[in-house]
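These notes are about the structure you will find just below.
The values are calculated or read from the model by the stated rules, or taken from the named source; none is laboratory data. Computed from a predicted model, the values in this text were never measured in an experiment. Cβ: placed from backbone, ideal geometry, glycine included. Neighbour counts: every protein chain shown. These accessible areas exclude ligands, DNA and RNA; they are computed on the full protein's heavy atoms, side chains included. Shrake-Rupley method; radii C 1.70, N 1.55, O 1.52, S 1.80 Å.
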4 protein chains.
Amino acid sequence: MSHNTFGHLFRVTTWGESHGPALGCVVDGCPPGISLTLADIQNYLDRRKPGQSRFVTQRREADQVKILSGVLPQEDGETYITTGTPISMMIENTDQRSKDYGEIARQYRPGHADYSYDVKYGLRDYRGGGRSSARETAARVAAGAVARKILPGVTYRGALVQIGKHKINRDNWDWAQVDQNPFFSPDAETVPVWENYLDEIRKNGSSVGAVIEIVAEGVPAGLGAPIYSKLDQDIASLLMSINAVKGVEIGEGFDSAELTGEENADEMRIGNDGHPRFLSNHAGGILGGIATGEPIVARFAIKPTSSILTPRQSIDQDGREVELRTKGRHDPCVGIRAVPIGEAMVACAVADHYLRDRGQTGRLD
Amino acid sequence: MSHNTFGHLFRVTTWGESHGPALGCVVDGCPPGISLTLADIQNYLDRRKPGQSRFVTQRREADQVKILSGVLPQEDGETYITTGTPISMMIENTDQRSKDYGEIARQYRPGHADYSYDVKYGLRDYRGGGRSSARETAARVAAGAVARKILPGVTYRGALVQIGKHKINRDNWDWAQVDQNPFFSPDAETVPVWENYLDEIRKNGSSVGAVIEIVAEGVPAGLGAPIYSKLDQDIASLLMSINAVKGVEIGEGFDSAELTGEENADEMRIGNDGHPRFLSNHAGGILGGIATGEPIVARFAIKPTSSILTPRQSIDQDGREVELRTKGRHDPCVGIRAVPIGEAMVACAVADHYLRDRGQTGRLD
Amino acid sequence: MSHNTFGHLFRVTTWGESHGPALGCVVDGCPPGISLTLADIQNYLDRRKPGQSRFVTQRREADQVKILSGVLPQEDGETYITTGTPISMMIENTDQRSKDYGEIARQYRPGHADYSYDVKYGLRDYRGGGRSSARETAARVAAGAVARKILPGVTYRGALVQIGKHKINRDNWDWAQVDQNPFFSPDAETVPVWENYLDEIRKNGSSVGAVIEIVAEGVPAGLGAPIYSKLDQDIASLLMSINAVKGVEIGEGFDSAELTGEENADEMRIGNDGHPRFLSNHAGGILGGIATGEPIVARFAIKPTSSILTPRQSIDQDGREVELRTKGRHDPCVGIRAVPIGEAMVACAVADHYLRDRGQTGRLD
Amino acid sequence: MSHNTFGHLFRVTTWGESHGPALGCVVDGCPPGISLTLADIQNYLDRRKPGQSRFVTQRREADQVKILSGVLPQEDGETYITTGTPISMMIENTDQRSKDYGEIARQYRPGHADYSYDVKYGLRDYRGGGRSSARETAARVAAGAVARKILPGVTYRGALVQIGKHKINRDNWDWAQVDQNPFFSPDAETVPVWENYLDEIRKNGSSVGAVIEIVAEGVPAGLGAPIYSKLDQDIASLLMSINAVKGVEIGEGFDSAELTGEENADEMRIGNDGHPRFLSNHAGGILGGIATGEPIVARFAIKPTSSILTPRQSIDQDGREVELRTKGRHDPCVGIRAVPIGEAMVACAVADHYLRDRGQTGRLD
């Protein structure tokens, strides 16, 4: 796997910096004959878009996606049919205030990749985080919108389940709530708690971490691979590649360390429909790297936004000790906007495994 | 990445089943001119080897590794020099009691990959778990022993930090303890607690999960890559590929969700030696996918062994409902033997990134 | 290797169709700190550009390249410095006369990929050849311009050595001639012969094949790899990926079949400078997949342009037998414009091997 | 693609040197449920085996293959069923006369990879050519035997069509002849010519080159890929990876340079069976990288064996000028034994494309 590409048969290459003319991706391996519209893609980009509530960065980007290749425009002027050739998508950067970043061009912001980039590359694009800006994730969401089309009948949904120490009450879980509040919370009762908490965080110029849960339903049993390309491994890998992610879990995750074998094993029976069914889903839908047919459940932890107003000790490129605070427009909880990104990553992993499995076993058609 | 290969320039392909004649790996991309001995490799295999205490499986395998290619034997009869060509290593299976597994050949053991394998492949090698047996990890450990030679000056050490609900006391952390008890515990005081607890688990024919922590010290700042081949991502991916792993963390991991930006940021100063230093290491040694020079800290959770003596509800290949209990020789806590495997995986990820970075930037020489 | 990507550490992904809004490429893995200008890239594109003489297609494309990412613009307004992140380049399509192709939208042009595409994908973009248009090669040339910067001191030069049955006289070989005639001929005496011959071909609405030779000088001995990623193999693979190529040779190529071991072996002596030197170069600069330090010599054969005015028997998508002749603007000898493409492919192969070798052996710095 | 691996979904990794304990390969991605026997594989190895006539090396290797993983032995004791996990195969080296090579351990044999290896790696296994020994190709033939099973109904056949200046008469082509003479000649009349010619070459301690032609019949139209993973490109790449190959052609190959568009275009009609058929096959069965359904025809040129008895000028590792002649057992025409190797390479390329296409388009089932 290259540094800016992921996937095996459904391959995504992203490119672009925060303050260049544009960013985008090339989706290679999408099967031919799939119908899609710009709106299919734009809807997911809009969910990720900044500036939609006071709890996310006020940077305002139109984030309008263009499709440059890989599709045949249909006569209705809206629909495209994929041709099986690489789909190139581009999003122009429109709201770049490079001056915001001028004074910290030579300073290493704590928690950011400034220092490690400079040591690796000897130089870096300091404007808006350059390549490691969260803007790169717009390209992932565009790719994910295509990935969702590959295996019909699968839903990929995400929700925020924790901000700081405040967790949702899982008994209140209601997917319908997720798009009705600015936090992607599935628990309406948690919304005011998070609002108050984040208002305080925001006023203090501080930030806080979060946990996101992604659930994929409808992934057929048998999809995946053992050993080094486990479905859970590939999902974990892609979630871990999202900026600021520090942990990933499948199913019971770290809690499984505390369980006994009796508690953790998902027993099986034959359902009323004559098909195998599991009596529980501690495994999060994956055993031995291969889907069981149960919902795939993945969680990931996002660290607090590193750009904060409180001055922090650091150094600059010339080895001088400095105090720095990050001005500019930032998210008090960057985890919120990570929900559609996480969905996109799981959709890409499933799409890739689907094509590979159809190739290797021919059993999934 | 193929289903049985990992790495980009330092590439490892493993092969073999629990009950075939042998298992092994091919390590491709190892630089030429590196000196190694069989003992270098065997020592790590011996740490992983079953049958060393009453807390691990009593299956007795000699696990003697042979090197079949890629090296020039030196005159001392012990040392080999790598030639830059693929290093093929083989471990013969010597203690295979296939009869143990006969009666469950057609039944799906809960928590195992039996059902998902059968759906994917339409058939499976049921003997000892076949390809998804933990024996596959012996090949990883052998590959890791080579990986440790690639970048001199780095230490890769692991420890068990939790069994069931019993965590170590981190204030007692002493690396010297790790090889002095059957649990790889860095905290001597926890050892009797775990002994009692696991004796009970073992007597009940039950099992329990665990958490392992791997620390790599000496990895140079600047090693790694942004975006889709982040050093933490590749470490997480490889740890997640180990059998029974359900969660992975870097640095603060899931706890980072509860921190504020002020708490989480690792501040920097110039050390007495004139070099940059960090005042803390919440990041676990990696920022933006690239090493900071601080110790790399990764943790992973292993679910309880699925093979337990308590009867569980399941089904068989013919769709019949059954009750089954797994006889045979098994680990009450498979997490214990995962410590050297986790070390090997981190060593392989670092070795691969080192070769890639030396290629791309030429800065690490 | 994916369907639209080549390279291992220096990776190129191209995208785009003949009649979409644009085409382009993403160059991933370019080391940081390399200086380049738009003119560096544009110069090579201009050599490949159509419409420059009566012997190539009259389609007129500006073929102006834009760099969208991966570089830091410098203060002079002309120079860029690479940052080590992916370099996205785009060329807009400006002269698309889709109507030219209307009547053959459903017919399979003999010698073209129309039929095989339709069987594979079930649909195709028939406009101008879609993805398999020679326009795709503009993206290769842009990538090659970056590749030429990777390993300083290497020259990549190409020449046309045969059109139809008319071969150059190798005794007249003069690199200075190559850019002074519309054929990239290194032999001034052959130019009028080819002019007369191609004028006749063109007037008949016919076409003819050609042979191109690429020479890379300055590639250091030791660059390359044995077995499955031989330097000659990778060069051959990339040359073979150019549209219409039907054969590839290294050094003596097919003539080596007629040589004896005595004739073919390149003997060695120590030169006056104390360095090893070869007394001949039958090997074309590569032994066992690894460069010897001698000039690398590769040749490839391009079949005649399939679009001709003479009616040919074919069938259409509905299984009807048809007679078809290809109108529109085409090259009588598509091989001419393949010279800069071949150079680009060899430059990319060498750049990739250089980064890989620097990674694996660290010996090339 | 790694240095010792090829393929994308059907992946082959080979390992081993001429004078180590063994050599072998790991075939990853073979679909489950395929029936094969040791004899299936051994038959092809026996065709490649040295020592079968006076025209090939007299080294005597049993070349007995063992299957170490990836299969379930069936009750008949002969048949195996593939499980979808990696198939590891091993061939032990039994006839190693290392002393033969002693005196040239430090000298660079002209035409061999000795010098280029030493520059690249800084050391090499000089015994019998080490990794670049033709023995490596035994592993390819074993992998090819598995590849032949992937897509039923395809035949892969090869023939020698030229030794030195002596070409077969294509009008005499008879596949039945190929296994009835020691040259794999399809033309019985050429056999005595080659016998006399090679006897002379052999007596002189000389060697000569050859051309091999591989024909794959039954590859379905639509198999392959455009642009960078063309079916012809992948075939050319694998043929070019065989030791001593200096040129590769598809269909008309280099002769296509001399054809006009009218001559080269393969016209189409609807056959009596209602299916499309081509009236000729200049394309060699591939257009735009995708199979047309016609026989795939590939040729490759092999240079004369570099090991000859005539003394040649060279240098040694210490920069001294030497005269050397290669003693030991060698092939006067190494091209003869390349026939089954070429077949194996084409079979592997087709198998890989078949699995990828089934994955991407789902159309080939």
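Taking amide H atoms as placed 1.01 Å from N in the peptide plane, the amide H of C:H19 lies under 5 Å from those of C:G130, each 5 or more residues away in sequence or on another chain.
Chain A against chain B buries an accessible area of about 9000 Å², both chains summed, 1.4 Å probe radius.
For the protein assembly as shown, the solvent-accessible area of protein heavy atoms averages 31 Å² per residue (probe radius 1.4 Å; ligands and nucleic acids excluded).
Three principal axis extents of the stretch D:240-357 based on alpha-carbon atoms, in descending order, are 68, 36, 24 Å. For chain B, modelled as a GNM whose springs connect Cα atoms under 10 angstrom apart, the maximal fluctuation among B:I41, B:I201, B:I270 occurs at B:I270. All C-alpha to C-alpha distances of the stretch A:150-190, sorted into 5 Å bins beginning at zero, yield P(r) values of 5, 25, 29, 18, 10, 7, 4, 1 percent in whole numbers. Derived from the Cα gyration tensor, the three semi-axes of the equivalent ellipsoid of the protein assembly as shown are 49, 38, 32 Å, largest first. Given a 1.4 Å probe and the protein chains as shown, D:S132 ends up with an accessible area of around 40 Å².
Here's the list of aspartates and glutamates a cross-link from C:K327 could span, going by alpha-carbon distance under 15 Å and ignoring same-chain residues fewer than 8 apart: C:D100, C:E103, D:E262. Could you tell me the calculated FRET efficiency between C:K167 and C:E200, based on Cβ-Cβ distance and R0 = 22 angstrom, to the nearest 0.05? Working from the Cβ atoms, E equals 0.80. With no solvent and one equal point scatterer placed on each C-alpha of the stretch A:166-229, evaluate the Debye formula and give log10 I(q)/I(0) for q = 0.15, 0.16, 0.26 Å⁻¹, two decimals. Each listed q maps to, in turn, -0.62, -0.67, -1.17.
Angle between the Cα long axis of helix D:136-147 and the longest principal axis of chain D, 0 to 90 degrees, nearest 10? Orientation of helix D:136-147: about 20 degrees from the principal axis. Of the trypsin sites (Lys or Arg not before Pro) found in the stretch C:21-87, those in coil by DSSP whose Cβ has at most 12 other Cβ atoms within 10 Å are C:R54.
Using θ = phi - 60° in the Karplus curve 6.51 cos²θ - 1.76 cosθ + 1.60, the 3J(HN,Hα) couplings for the stretch D:175-192 round to 4, 5, 6, 4, 8, 9, 9, x, 10, 6, 7, x, 10, 4, 5, 7, 4, x Hz; x is entered for Gly and Pro. Entry for the stretch C:5-361 at q = 0.13, 0.15 Å⁻¹: log10 I(q)/I(0) = -1.08, -1.36, Debye formula applied to identical alpha-carbon scatterers, no solvent contribution. The stretch D:23-55 and the stretch B:1-43 have their alpha-carbon centroids 23 Å apart. Simple spin-label estimate for D:A62 and C:L123 gives 5.9 nm between the two label positions (7 Å along the Cα-to-Cβ direction from each Cα). Normalised by the number of residues in chain A, the mean separation of alpha-carbon contacts (under 8 Å, six or more apart) gives a relative contact order of 22 percent. Once backbone amide H atoms are built at 1.01 Å from N, C:V161 has C:V211, C:I212, C:E213 as its partners under 5 Å, excluding neighbours fewer than 5 places away on the same chain. For C:F184, A:F183, the ranking by accessible surface with the largest value first comes to C:F184, A:F183, using a 1.4 Å probe. Rolling a 1.4 Å probe over the protein chains gives D:R170 an accessible area of about 120 Å².
Within the stretch C:117-213, the proportion of C-alpha pairs whose separation exceeds 24 Å stands at 45%. Phi angles of the stretch B:66-79 translate, via the Karplus equation with coefficients 6.51, -1.76, 1.60 and θ = phi - 60°, into HN-Hα couplings of 10, 9, 9, 6, x, 9, 10, x, 8, 5, 6, x, 10, 8 Hz per residue; Gly and Pro are given as x.
Computed per residue of chain B from DSSP H runs no shorter than four, each worth -39500 (n - 2.57), the mean residue ellipticity at 222 nm is -7000 deg cm²/dmol.
In the complete set of protein chains, residue-level accessible area for C:W173 is approximately 60 Å², probe 1.4 angstrom.
The distance from the alpha carbon centre of the stretch B:219-277 to that of the stretch C:185-238 is 50 Å, rounded to a whole number.
Can you pull the percent of chain B's accessible area that's carbon plus sulfur, 1.4 Å probe, other chains left in place? Whole-percent figure for carbon plus sulfur exposure: 45. For chain D, modelled as a GNM whose springs connect Cα atoms under 10 angstrom apart, the maximal fluctuation among D:A142, D:A257, D:A291 occurs at D:A257. Note that the stretch A:200-207 has calculated 3J(HN,Hα) couplings of 5, 4, 5, 4, 7, x, 9, 7 Hz, one per residue in order, obtained from phi through the Karplus relation 6.51 cos²θ - 1.76 cosθ + 1.60 (θ = phi - 60°); glycine and proline are x. With the gyration tensor restricted to C-alpha atoms of the stretch D:208-308, the semi-axes of the equivalent ellipsoid amount to 28, 15, 12 Å, longest first. The stretch D:279-335 and the stretch A:306-326 have Cα centres lying 62 Å from one another.
Taking C:N172, C:N196, C:N272 in turn, the Gaussian network model of chain C (Cα-Cα springs below 10 Å) assigns the largest fluctuation to C:N272.
Straight-line reach from C:K120: which lysines have a Cα under 17 Å away, not including same-chain ones fewer than 8 places off? Hits, sequence-local ones excluded: D:K230.
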